[in-house]
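These notes concern the structure reproduced below.
Read-outs: derived from the displayed coordinates by stated rules, not from any lab. Nothing here was measured: the structure is a model prediction, and the numbers come from that model. Reconstructed Cβ throughout: ideal geometry from the backbone, glycine too, with neighbour counts over all protein chains shown.
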Amino acid sequence: MSKKLIIVSSLVFVALTIGGVYVWSRLVTVDSNNTTASSSSDQTGDPVLNSQVLQSLQSKDFKDARTLAETGFDKEPSMANRRLRVNVEIADSNYQKAIDLLLGADQSKLNSDDYGNLGVCYEKLGDKTKAAEAYRKSAELWPLDDPMHDAEGGYLRNVANSLEGKYVEN
């Protein structure tokens, strides 16, 4: 049985499996055998840039994906482009860089997806306390009007509890 790792994203390329890392968004799931792309209207940024980065990530050309994402962010330092860079770094297992990008943003602009990404990064780096805090914040910020609010919020809280040893799987 493979362990699932979830990265919450609000970009156009919201469900992409790369090297065992699951990138997904609201209402989208992927399993260990599929690579799926979907779109989200939630702060998607430039669809052409997103598509180009997605193509690079699907071919595991992380250098090209990083160059495209950095160029897009340099041209327009929006949260959507910052999130694009974060997802490239996570896909390439550069978890500390992804954390730095998110913590370097205006903290009032971080959303549920961003805190989910922070949780994943902290977990991958072995910081269970910060990971649990980030997952709880992600659950707290999950949009109330999202049909998956209760399920996803509950899931994120369970992950946080598990990291702190408060949840034991039977």
If each residue of separation counts as 0.36 nm, what is the full-extension length gain between residue 64 and residue 145 once their alpha-carbon separation is subtracted? 25.5 nm
Explain nothing, just compute: Karplus ³J(HN,Hα) = 6.51 cos²θ - 1.76 cosθ + 1.60, θ = phi - 60°, for every residue of the stretch 119-124 in order, whole Hz, x for Gly and Pro. x, 4, 4, 4, 4, 5
I need the calculated FRET efficiency for the pair residue 162 and residue 93, taking r as the beta carbon distance and R₀ as 25 Å, to the nearest 0.05. 0.70
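So what's the net charge close to residue 79: Lys and Arg +1, Asp and Glu -1, counting the other residues with Cβ under 9 Å from its Cβ?
On the way: positive: 82, 83, 109; negative: 106, 114.
Net of charged neighbours comes to +1.
Any of 60/128; 97/124; 130/166; 97/130; 109/137 with alpha carbons more than 18 Å apart? Name them for me.
Numbers: 60/128 28 Å; 97/124 13 Å; 130/166 15 Å; 97/130 16 Å; 109/137 13 Å.
Result: 60/128 exceed 18 Å.
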